[in-house]
Every structure is written in structure tokens, then in C-alpha cells.
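Just below is one structure, and these are the notes that go with it.
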Amino acid sequence: MSNQSTAGAGPAEFLELLREDPIIATVKEEAGLREILDSERQVVFLLFGSILSIEETVARCKTAAKTVLVNVDMVDGLSGRDVSIDWLASHTQVDGILSTKTSLIRAARRNGLVTVQRFFLVDSLSYGQLPRVASQAQPDVLEILPGCVPRVLTWLREDTDIPLIAGGLVCEKDDVVAALGAGALAVASSNRDVWTM
């Protein structure tokens with residue numbers, strides 16, 4: 001099985017891209033995709049599509065010189081099994097994946113893809129589970145949702161060496177500045193005003 005995405009950004013290159021341009025375009029629909037393909041944003045998180053369209057959608061992003069990661073939990077027709085990651089790695093030019101699932105993060109790492117593990121922090125219990133889950137998966141980056149909680153990002157910077165992305169409810173410049181100031185490497189947002197900052 002050949003991995004078409006090996007020519008793309010690896011973990012080190014991905015982290016460097018985020019240092020250069022800490023705004024990640026999170027795209028949820030076709031209109032947003034068309035807009036971001038013509039923008040200066042370098043990194044795109046795809047949060048939509050199906051197994052029938054994802055290969056072509058990723059190819060469009062790569063043609064526009066974007067580093068593209070697919071949220072495999074949100075692509076219709078992909079299962080929560082390792083074979084979905086194997087298929088993405090061999091049939092698309094994807095640079096990496098996002099997922100909440102530890103097993104998919106590990107499968108993506110085996111396939112040489114950049115890995116972003118998403119954590120929804122809703123209470124102290126979910127916060128307490130994060131170090132254990134992250135140590136099992138060993139993702140390249142953790143995406144913390146919601147990303148508009150700088151205090152929690154500060155705590156996490158003290159608790160983990162894994163780079164952080166603040167995502168979810170990052171809507172204004174103040175949110176971006178606060179998240180980056182609290183130690184996030186980058187922010188991911190579907191808000192078009194944030195894309196143009």
C-alpha cells in the first residue's frame with residue numbers, strides 16, 4: 001500500500017507551518033472551502049465530506065498548495081476503524097487527520113500522517129482524563145475545544161509537552177490573542193473573520 005501523502009507536511013513541517021501562520025481554517029461546507037482555497041491560510045481542517053467526495057476535496061486543497069487534515073470522525077462513510085485511515089493514506093494526498101479516537105490517531109501515526117487529537121473539555125473529569133488518553137495515542141498536536149478558555153490552555157501547557165491548538169468558539173481577535181497568549185501554538189476556527197486576520 002503506497003502512501004500518497006508522504007510528500008506532504010510531516011509532523012515537524014506541520015508544527016513549523018503553525019508557527020509561521022497560527023490561524024487554521026476549519027471548513028465545514030463547500031462555500032467555505034471555495035473561499036479558503038483562494039486565501040493565504042496555509043493549513044485547512046476539513047470537517048465535512050463523504051467517502052465519495054473526500055479524495056477530490058483533498059486534491060483540490062493540495063492543488064491550492066494547502067496542508068490539509070481531515071476530521072475522520074465527520075466524514076460520512078468512514079468507520080472508526082484503522083482501515084479507514086489506511087484507505088485515506090493510500091487513496092488521498094491528505095497530510096493528516098483529526099480525531100477524538102485514540103485508535104485512529106495511532107493508525108494515522110503508523111501511516112506517517114500528522115495527527116491531531118481533539119479533546120472536548122466540558123468539566124474537570126474530562127480534563128483529568130486528558131493526560132492518560134494523550135499518552136496512549138501520542139498525537140503530534142492536541143486540539144482543545146472550546147478554545148476560548150485561556151485559563152485551561154495555561155494549565156495544559158504546564159501538564160503536557162504536546163503542542164496545543166485552540167479550536168471551537170474562537171470568534172474574535174481577542175479570542176485568538178488570548179489563546180495564543182495562553183500557550184496555544186495555533187487556533188482553528190470556522191469563522192471567516194478569523195481567517196482573514
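The values are calculated or read from the model by the stated rules, or taken from the named source; none is laboratory data. Everything numeric in this text was worked out from a predicted model, so none of it was measured. Here the Cβ positions follow ideal geometry from the backbone for every residue, glycine too, while neighbour counts run over all protein chains shown.
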Report yes if some residue within region 167-175 is more than 17 Å from the chain's Cα centre (by Cα) and among the β-branched types (V, I, T); otherwise report no. no
Could you list all residues from region 48-86 that are buried (at least 20 other Cβ atoms within 10 Å of the Cβ), outside any helix (DSSP H, G or I) and under 16 Å from the mean Cα position of the chain (by Cα)? G49, K66, T67, V68, L69, V70, N71, V75
Taking L180 as the residue in question, decide whether it is in contact with a Phe, Trp or Tyr (Cβ under 9 Å, 6 or more places away or on another chain) and either of a type in the set (K, R) or in contact (Cβ under 8 Å) with a residue 24 or more places away in the chain (or both). no
Residue check: is R34 closer than 18 Å to G147 by Cβ, part of a helix (DSSP H, G or I) and either polar (S, T, N, Q) or out of contact with any helix residue (DSSP H, G or I) (no Cβ under 7 Å at 6 or more places or on another chain) (or both)? no
Test of understanding: among L113, L130, which residue is surrounded by 14 or more Cβ atoms within 10 Å (Cβ to Cβ) and under 19 Å from M74 (Cβ atoms)? L113
Pairs, first modelled with pLDDT of 90 or more in region 160-172, second of a type in the set (D, E), C-beta under 7 Å, six or more apart: I165/E143; G167/E143
So S5, is it at pLDDT below 95, assigned to a loop (DSSP other than H, G, I, E, B), under 20 Å from P139 (Cα atoms) and of a type in the set (S, T, N, Q): no
